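Taken together, the values in this text are just the output of simple stated rules run on the coordinates, not laboratory data. What you see is a predicted model; the values in this text were computed from it and never measured. No Cβ is skipped: glycine too gets one built from the backbone with ideal geometry, and neighbour counts run over all protein chains shown.
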Amino acid sequence: MIIPQALQPGDTIAIVSPSSKILPEYIEGAVARLESWGYHIALGRHTYGAHGNFAGTPEERLSDLRMALLNPEVKAILCARGGYGAVHLLDGITSQEIRDNAKWIIGFSDISALHAMWVNAGVCSLHAPMCKHLTLEPDTQESTRYLRAILSGDKPQYQAESHPFDRHGEARAKIVGGNMAVLCGLLRTPYDIFQENTILFIEDVGERTYKVERMLYNLELAGVLPRLAGLIVGQFTDYKEDPGMCATMYEMIAARVARYNYPVTFGFPIGHVTDNHPIIEGIEATLSVTPQGTILRF
């Protein structure tokens, strides 16, 4: 796997909107924050765009992403927001183009589709907060600090509290993951990230328990869950527990992986929450789950 180069003061970060449209003030806030870190900012022609729910037509959004990728002056690409729409762009960039122009692509949620494209091309990517977070959260907020550190070349170590459903153990393997609904939609495609002996991290927003269970059955029946090296269960937010399921979201997930022996940690700070710690996708990582808590090292 190619790890993109660390950014230097004065380097250019492009902000593009590959999915849904975004409030202008969040772009402006992110520009101000990144400039305060010493970076120059380039905006795609359609970063502020609107085409229905999207930031532009598929062709417009793809042209912005390609501009950012192929421009040698751009050293990293920050996706403005998620939503829906990144899947429209997957066949518009080749793996060779991504490898020849290896640079960070930054974002989460719907941007999980682009992370899958990067990782399958052999280039690490950065599952991390986007423009809204950079606008609303201070420099001192943990996930903000970690994002800045990774862009500068550091590889952080994360600690999380123990959870009653944790399964203790240690694994070292390539780490991949993201939004469950997005990634399961790519299963058995050229952008499938579910590989043998990986540490998988998952999160989602607004998905009811039975829908997440259906996705997990899909992964189990496809042979994915039995072959993992470890599982990180992040934040599942903006849904109501369903008493008819006879289990909470986390109880259901724990039951689905109960037969396997790899370490599993629950409630990790990844997802549609303020504490959305950046994950370097595609890199070798060590997951240690103990009675005292969880440690994730890159």
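Brief remarks follow.
- Exposure proxy shown here: for ILE106, ILE283, ILE111, the number of other Cβ atoms within 10 Å sets the order, fewest to most, as ILE283, ILE106, ILE111.
- 10 Å binning of all Cα-Cα separations within the range 214-287, expressed as whole percents from 0 upward: 16, 45, 35, 4
- The long axis of helix 209-221 is offset from the longest Cα principal axis of the chain by roughly 80 degrees.
- Sequence of VAL233, VAL212 once ranked by neighbouring C-beta atoms within 10 Å, starting from the fewest: VAL212, VAL233
- Ellipticity at 222 nm from helices only: DSSP H runs of n ≥ 4 in the chain, each -39500 (n - 2.57), divided by the residue count, give -8000 deg cm²/dmol.
- Using the average count of surrounding beta-carbon atoms within 10 Å as a protection proxy, the listed peptides 146-153, 264-271 rank, highest first, as 264-271, 146-153.
- Exposure proxy ranking for MET180, MET252, based on other Cβ atoms within 10 angstrom of each Cβ and starting from the fewest, stands as MET252, MET180.
- Only lysines eight or more places from LYS103 in sequence, or on another chain, were considered; those with a Cα closer than 27 Å are LYS21, LYS75, LYS132, LYS155, LYS174.
- Restricting attention to the chain, close to 40% of DSSP beta bridges with both partner residues there are antiparallel.
- Loop sites in the range 214-294: trypsin sites (Lys or Arg not before Pro), DSSP, at most 15 other Cβ within 10 Å: LYS240, ARG259
- Helix 112-121 and the longest principal axis of the Cα set of the chain meet at an angle near 80°.
- Shape analysis of the range 12-151 places it in the oblate category; the axes a ≥ b ≥ c from the Cα gyration tensor give an a/c of at least 1.5, with a/b not above b/c.
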